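The values are calculated or read from the model by the stated rules, or taken from the named source; none is laboratory data. Keep in mind that this is a model prediction, so the values were computed, not measured. Here the Cβ positions follow ideal geometry from the backbone for every residue, glycine too, while neighbour counts run over all protein chains shown. Protein only, heavy atoms only, side chains kept; ligands, DNA and RNA dropped before computing areas. Shrake-Rupley method; radii C 1.70, N 1.55, O 1.52, S 1.80 Å.
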Amino acid sequence: MKNILKQVEKFREIIMYLFWGGMTTVVSWGSYSLFVLLFRQKNTVISVFGVKMSSDVLVANVLSWFCAVLFAFVTNKLWVFQSKSWKSSVLFPELGKFISARLVTGVFEIIAVPVLVGKGLDQTIFGIEGMIAKVLVSVLVVLVNYIFSKLFIFQQNK
């Protein structure tokens with residue numbers, strides 16, 4: 001039992017990141033599903049990078065990204081990387097770097113999901129258009145976000 005606890009402590013940060021990353025993904029997918037359902041009637045076809053896509057998928061994806069980023073910042077700060085300070089001299093640099101890093105992966109996600117849907121990866125899960133594309137892109141985004149958080153955002157404030 002001590003060996004198991006030792007291994008858990010050794011990999012605590014990764015375990016916590018995967019757990020809270022999973023919860024962030026639930027927030028992202030759940031809010032995406034909600035927004036797709038809310039905007040379903042306003043479906044307009046637009047073209048991005050020459051790929052035709054539905055505007056409701058694009059808008060739902062952008063809004064779900066904002067929800068997920070806000071949730072992820074708090075959970076990463078407090079429970080993954082254990083940066084407990086809320087002093088402005090700590091909070092604002094962390095928040096700025098976090099948002100900057102998430103903008104990079106967010107732009108990728110916001111573009112990649114509708115492009116993949118437009119290219120034919122438009123299968124549905126539980127009646128939600130584009131969920132297969134959303135899942136595939138989310139896996140890559142979670143990995144890149146961990147690297148950014150570990151190496152650039154929270155490393156100085158442990």
Matching option when the condition is open to solvent by 90 Å² or more (accessible area, probe 1.4 Å), modelled with pLDDT of 90 or more and at negative phi, among L5, L18
L18
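Which ones in segment 121-136 are assigned to a loop (DSSP other than H, G, I, E, B) and open to solvent by 40 Å² or more (accessible area, probe 1.4 Å)? Break it down into steps so the answer makes sense when it comes.
First, pick out the residues of segment 121-136 that are assigned to a loop (DSSP other than H, G, I, E, B): 121-123, 126-127, 130.
Result: L121, D122, Q123, F126, G127.
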Check whether at least one residue in segment 33-43 is among the charged types (D, E, K, R), without any contact (Cβ under 8 Å) to a residue 24 or more places away in the chain and part of a helix (DSSP H, G or I), and report yes or no.
yes
Before we move on, is K87 more than 17 Å from S28 (Cα to Cα), in contact with a strand residue (DSSP E or B) (Cβ under 8 Å, 6 or more places away or on another chain) and surrounded by fewer than 15 Cβ atoms within 10 Å (Cβ to Cβ)?
no
Could you check, for segment 111-119, whether at least one of its residues is under 22 Å from L143 (Cα atoms), assigned to a loop (DSSP other than H, G, I, E, B), touching an Asp or Glu at 6+ places or on another chain (Cβ under 9 Å) and open to solvent by 40 Å² or more (accessible area, probe 1.4 Å)?
no
Show the residue pairs that are 6+ apart or on different chains and have beta-carbon atoms under 7 Å apart, the first residue being within segment 1-28 and closer than 30 Å to G130 by Cβ, the second being open to solvent by 100 Å² or more (accessible area, probe 1.4 Å) and at pLDDT 90 or above.
M16/W79; W20/W79
Answer from F71, F92, F108, F152 - the residue that is open to solvent by 50 Å² or more (accessible area, probe 1.4 Å), without any contact (Cβ under 8 Å) to a residue 24 or more places away in the chain and part of a helix (DSSP H, G or I)
F92
